[in-house]
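The values are calculated or read from the model by the stated rules, or taken from the named source; none is laboratory data. No experiment lies behind these values; they were computed from the predicted model shown. Please note: Cβ atoms are built from the backbone with ideal geometry, for glycine as well, and neighbour counts cover all protein chains shown. Accessible surface is based on the protein model in full, side chains and every heavy atom, while ligands, DNA and RNA are left aside. Shrake-Rupley method; radii C 1.70, N 1.55, O 1.52, S 1.80 Å.
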Amino acid sequence: MTTTDTTTAPGAAAGPAVVLEGRNLVKEYPVGARSGLLRRQQRMRAVDDVSIVLAAGRVTALVGQSGSGKSTLGRMLARLIPVTAGEILLEGTEVLSAGRMSHREYVGDVQLTLQDPFASLNPLRRIEYTLGRAVRIHQDVRTAEAVHERCLALLERVGLTPAERYLDRFPHELSGGERQRVSFARALAASPKVLIADEPVSMLDVTIRKEMLDLIDALRRDEDLAVLYITHDLGSARRYSDEVMVMHHGKVVEAGESRSVIDDPQDEYTRRLLAAAPNPGARLR
Ligand SMILES: Nc1ncnc2c1ncn2[C@@H]1O[C@H](COP(=O)(O)OP(=O)(O)O)[C@@H](O)[C@H]1O
Ligand SMILES: [Mg+2]
């Protein structure tokens, strides 16, 4: 087992326990047509040497324009896609080396939710099936009654009450906000230590965004979750995160305490991003 010395990545200050750490992560994608004779494939770096530290009970916001590499970094940290280079450490253990930690074991600790829960919820299955499946995979419960009880508790945890009313529904019978809550409930079924929420409110009506972000904030506090909040909305990053990392063309251009970065950005790109954002310092409605 490798033990992290937490000296390499920014944000690894003494204090909250470091749960997940990415070191020098790189993701390259092939671009363009494969040239026949030369066989030299062009590659682009969607994520270019990014280091990140997520700590228990803390929200780190990852901000940047569309295409800056936020989702790619989130997917690598969730081990949904392979890394081109770099290391991932979960509670000090390097997880990518062969035989270190199975993917199955890893997803019990690190869960990812997506921008569009419609795309990740099976449209043909009732909510009880979807949640029950996650409960059976991640929790040591045997009987149908026990699974049912856990599903109800999860729905209540994410504010879907009365919970019984939601179990028999299909995803299309729910609002966008309710679907996003179900996808949080499914993530919580694993009792994760890390939640990576990729643009959790971008597809939601502005009037319910605050409720959803308040839910994430409550989960962070109550479950001591380490949260990576991926967003292009600087206003919510300022209000709901402890630290912010600004990505541009696959690189982190600025990182630090959210309020100081957003109120007094040092990097030229962060300044431009802020200039393009409507009232980043303003309170969310
Ligand atoms: N599977 C893929 N194949 C090739 N290119 C990809 C793939 N996924 C993402 N990219 C490219 O990587 C870059 C970063 O994308 P992404 O991580 O989705 O950015 P963001 O989430 O910040 O909008 C973009 O240029 C995108 O087109
Ligand atoms: Mg994205």
Exercise. Normalised by the number of residues in the chain, what is the relative contact order in percent for Cα pairs under 8 Å and 6+ residues apart?
Worked result: 24 percent
Exercise. So how far apart, in nm, are the two label points at Ser260 and Asp224 if each is 7 Å from Cα heading toward Cβ?
Worked result: 2.7 nm
For this session: Taking a cut-off of 16 Å between Cα atoms, list the aspartates and glutamates near Lys27, but don't count ones fewer than 8 places away on the same chain.
Result: Asp48, Asp49, Glu87
Seminar exercise, completed: For segment 172-189, Karplus-derived ³J(HN,Hα) couplings (6.51, -1.76, 1.60; θ = phi - 60°; whole Hz; x for glycine and proline) come out as 5, 8, 10, 6, x, x, 5, 5, 5, 5, 4, 5, 5, 4, 5, 4, 5, 4
For this session: For an R0 of 25 angstrom, estimate the FRET efficiency from the Cβ-Cβ distance between Thr161 and Phe118 and round to the nearest 0.05.
Result: 0.70
Exercise. Over segment 170-285, what is the percentage of antiparallel beta bridges among all DSSP beta bridges, to the nearest 5?
Worked result: 55 percent
For this session: Mind running the shape call on segment 172-234? Use the C-alpha gyration tensor, a ≥ b ≥ c as the square roots of the eigenvalues: rounded below 1.5 for a/c, prolate if a/b tops b/c, oblate otherwise.
Result: oblate
Problem set entry | DSSP-loop trypsin sites (Lys or Arg not before Pro) across segment 71-165, with at most 10 other Cβ within 10 angstrom | Arg142
Seminar exercise, completed: Taking Cα pairs closer than 8 Å and at least 6 residues apart, the relative contact order of segment 75-197 in percent is 35 percent
For this session: Would you list, by chain and number, the lysines whose Cα falls below 22 Å from the Cα of Lys210, excluding same-chain residues fewer than 8 positions away?
Result: Lys70
For this session: Enter the accessible area per residue of the chain (Å², integer; probe 1.4 Å; all protein chains in place).
Result: 50 Å²
Exercise. Round to a whole number: what % of the accessible area of the chain belongs to carbon and sulfur, probe 1.4 Å?
Worked result: 48 percent
For this session: Give, to the nearest whole percent, the P(r) tail of the chain beyond 25 angstrom, counting all Cα pairs.
Result: 49 percent
